[in-house]
Structure formats: C-alpha cells, structure tokens
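Only one structure is covered here, and it is reproduced in the block below.
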Ligand code: TRP
C-alpha cells in the first residue's frame with residue numbers, strides 16, 4: 001500500500017479491522033469445525049486459544065504495524081531486523097493459498113444469494129449444497145467472486161466496500177440473533193445446546209491432541225492473524241490510540257459472531273437429523289437452506305442473510321487480496337491495477353481444484369491455516385518476546401495510562417506461553433497433515 005492514508009477516525013480503523021476479521025471464518029468455518037471436532041470440547045479449547053494466543057498475537061501485529069508505519073515487508077527492515085521478513089513471507093504464502101479457496105467459498109455464497117431470490121434451494125438441502133460446491137458452476141462463481149474483489153481493488157472503490165461493511169456487521173448480528181431465537185424453538189435445540197455448550201473435561205483432555213491444531217488454526221484464521229493484515233492496518237493508526245482497547249473490541253465482536261453462528265447452525269442440524277460433523281464444509285449452507293425453506297418468508301430472510309454473508313466475505317477477501325497485491329507491487333515495482341488483475345487470474349487458476357473436489361479444499365485450508373499461520377504466529381511471538389520486547393512494550397503503552405503490568409504479562413506470554421503452545425500445535429499439525437495427505441491421495 002503506497003498511498004499512506006491514515007484512518008480519519010477511531011471507528012474507521014476498527015471497522016476495517018473488524019471487516020477483515022468477521023467473514024466466512026466466523027459463519028462458515030467456525031461452526032463446521034466445531035461440528036467436526038466434537039462440539040463443546042472444541043469450543044473451550046478454541047476460546048482459551050483466542051484469549052491466550054490470539055489476543056497477544058493480534059497486539060504483536062498492531063505494535064509492529066504502528067511502530068514501523070510500514071507494510072509487513074518493509075516493517076521488519078524499518079524496525080532494524082530485516083531477517084525477520086521471513087515471518088512476513090510465510091504469511092504471504094498463506095494469504096495466497098487462503099485467498100484462492102476463500103474465493104471458491106465466496107462463490108458458493110453468491111450461488112445461495114441467487115437461489116434464495118429465485119425460488120429456493122431444491123428439495124434436498126444436502127444435494128443442493130453438493131451441486132453448489134463443486135463443478136463448473138462452482139468454478140464460474142469462484143471467477144465471479146475473484147473478479148469482484150479484483151475489480152474493487154482496481155477501481156479503487158474500497159470506500160464503498162467499507163460503507164457496506166458498516167451495514168453488514170449490525171445486520172449480520174441481528175439476523176443471527178433472530179435465527180438463533182428461532183432455532184431455540186425447534187425440537188433439536190436441547191440436544192444441540194448440550195452438544196455445543198456443555199463441555200466435558202475428560203473429553204477435552206482426551207481429545208486435546210486432535211483439537212489443538214484445528215482450534216489454533218481457527219483462532220488465527222478468524223482474527224485474520226499471521227498474514228500481516230493487522231500489521232498493515234495498524235500502520236495507519238496514530239500514537240494516541242489505545243491498541244489494547246481496539247484489540248478488545250475486535251476480538252469480542254469476532255467471537256460473539258462466531259458463537260452466534262454456532263447457536264444457529266446446531267439447533268437446525270439436530271432438528272433436521274443431520275449429525276453435527278456430517279455436514280462438513282456444507283454445515284452452514286445445508287442447515288440454513290433447510291431452515292429457510294420451512295420459515296414463512298424464508299426466501300427473503302435467506303436472501304438477505306446470504307447477501308450479508310457475501311459482504312462479510314468480500315471485506316475479508318479484500319484484506320487478504322491487499323496483502324498479496326502489496327507484496328507483489330512492493331517487491332517487483334509494478335503498478336497496482338495490472339498486479340491486481342494478474343494476481344486475480346493466477347489465484348483463480350490456483351483455486352480451481354478446490355472448486356472441483358472438497359478434498360482439495362481441505363488440503364489447501366489445513367495447510368495454510370494449521371501450518372503456515374501457526375508458523376507465522378510462532379515467529380512473530382518469538383520476535384517480539386525475545387528480540388524486540390523493550391520497544392514493543394513502549395509502543396503498547398502509548399495512548400493509554402499504563403503501569404506496565406499488562407505489558408509484563410504480555411511479554412511473558414509471548415516468551416513462553418505462545419511459543420510453547422504454537423510449537424506443540426505445529427508439530428501436531430504437521431503430523432496430522434501428513435496423515436491427511438496419505439489418507440486422501442495415496
Ligand atoms: N478473518 C477472515 C474470516 O474470518 C478471513 C481472513 C481475512 C483471514 N484475512 C485473513 C484469515 C488473514 C487469515 C489471515 O473470514
């Protein structure tokens with residue numbers, strides 16, 4: 001990003017960061033991972049990781065961004081530690097992979113918007129999802145989503161998108177609360193709540209090894225961490241701003257929306273007699289399409305819901321695409337518009353396998369989130385905890401009255417807790433991923 005504007009208002013930064021954080025990760029990915037990973041036990045581990053790892057790493061990105069006033073490539077040079085650019089490079093690769101399939105899922109959402117307004121989702125919600133998710137239509141809508149994001153960047157109508165996001169966040173919350181309220185009246189609600197909300201300590205301990213990679217990957221994914229997006233956004237904020245407070249707002253908002261999505265999805269799934277893990281990547285689409293079909297006026301509610309989900313997906317996709325494009329423009333000294341168009345074309349091709357077969361989607365998703373984002377987070381925490389702690393503490397203290405206690409806790413967490421947790425997670429993720437590849441492709 002060469003045009004270095006600053007956020008005019010506090011709310012401008014929060015909205016952009018929240019627009020990046022709130023997306024398919026909250027409404028699509030969170031409920032389906034929770035369903036696949038055992039419900040409440042996953043939820044507990046996830047929440048612990050959001051607080052214990054997500055928040056400290058979000059602050060790391062904020063501090064690096066504001067301190068350096070640079071994008072993630074320039075940031076480490078500016079801070080006098082160019083070698084740590086590697087952390088940014090890992091993030092850029094992750095951004096590239098995530099964006100290629102994010103756009104495919106965005107294409108599913110467009111198909112659901114169209115279906116909502118043109119007569120529904122067919123008789124069988126599961127069959128409808130499968131026909132949406134793979135095939136030539138999936139490729140075509142993936143292209144449409146990609147072209148939309150590239151068009152927004154190329155035409156510079158980012159402001160329009162940000163205005164849409166101001167409407168999106170409250171609308172999504174209202175719709176989710178309404179749908180969760182409706183879900184509470186359904187037959188399956190009781191079973192759904194005990195599955196989703198009643199953790200059992202022995203399951204958590206017993207399944208920790210399998211839960212950890214998924215929960216940690218999701219914590220990074222949903223908060224848009226590990227790719228330098230928050231570094232970039234924070235590079236535009238002033239020193240009078242309280243980073244801790246801004247991080248708090250973003251994390252709470254993001255977490256509440258994910259929790260609400262779970263409160264919607266599980267009662268619907270249980271009522272429709274679908275096992276929580278069975279819907280897989282289709283959970284949100286299948287459960288909602290089934291429910292909208294029953295509801296009076298469901299097609300309108302469905303249309304509005306998927307439209308808002310599309311806006312949420314676009315604001316997040318935009319933030320990922322920005323990282324990819326700014327890496328390329330900064331590194332190779334090319335112009336934005338041709339870069340945006342060229343990158344969109346390449347990303348479109350790279351995403352095609354995931355639009356043909358959901359196994360590829362998993363392969364991309366697991367590699368980028370459970371391995372690359374975790375690795376990037378590990379590097380970032382070691383950098384701030386062990387190399388740059390003094391300056392980082394000073395930076396975090398700006399814009400607030402501080403007695404240094406929170407900073408001390410933060411640095412200790414970054415030195416020990418975060419690296420240990422992430423190193424263990426990374427080892428488990430790599431092992432799981434090898435297993436996954438052997439199972440799926442050999
Ligand atoms: N956070 C977004 C979501 O929940 C996705 C996303 C946007 C993202 N930017 C990112 C994920 C950067 C990881 C890194 O949908």
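Here are some notes:
- Placing dummy labels 7 Å off each Cα toward the beta-carbon, the span from residue 89 to residue 333 is 2.0 nm.
- Taking 7 Å steps out from each Cα toward its Cβ at residue 81 and residue 69 produces label points 2.1 nm apart.
- Candidates 124, 200, 403, ranked by Gaussian network fluctuation over the chain, Cα under 10 Å, top entry: 403
- Across the range 216-311, the mean sequence separation of Cα contacts (distance under 8 Å, 6 or more residues apart), normalised by length, yields a relative contact order of 15 percent.
- Rg of the Cα atoms in the range 66-219, relative to 2.2 N^0.38 Å, amounts to 1.42.
- Cβ crowding within 10 Å ranks 343, 146, 227 as 343, 146, 227, fewest other Cβ atoms first.
- Counting neighbouring Cβ atoms within 10 Å and putting the fewest first, the residues 386, 84, 28, 108 line up as 386, 84, 28, 108.
- FRET E, pair residue 249, residue 202, Förster distance 56 Å, beta-carbon r, rounded to 0.05: 0.95
- From least to most packed, judged by other beta carbons within 10 angstrom and beginning with the fewest, 250, 284 follow the order 250, 284.
- Site pair residue 403 and residue 162 shows an inter-label distance of 3.7 nm when each label is modelled 7 Å from Cα along Cα→Cβ.
- Using the Cα coordinates of the chain, the gyration tensor eigenvalues translate into equivalent-ellipsoid semi-axes of 33, 25, 21 Å, sorted from longest to shortest.
- 222 nm mean residue ellipticity, helices alone, for the chain (DSSP H n ≥ 4; -39,500 (n - 2.57); rounded to 500): -25000 deg cm²/dmol
- Full-extension gain in nm, residue 349 to residue 136, via 0.36 nm per residue minus C-alpha separation: 75.4 nm
- Largest mean-square fluctuation among 42, 117, 383, in a Gaussian network model of the chain whose springs join Cα atoms under 10 Å apart, belongs to 117.
- Gaussian network model of the chain, springs between alpha carbon atoms under 10 Å - residue of 303, 183, 273 with greatest fluctuation: 273
Laboratory data are not the source of any read-out in this text; all were calculated from the coordinates shown. Please read these numbers as outputs of a predicted model, since none were measured by experiment. All Cβ positions, even for glycine, are placed from backbone atoms using ideal geometry, and neighbour counts span all protein chains on display.
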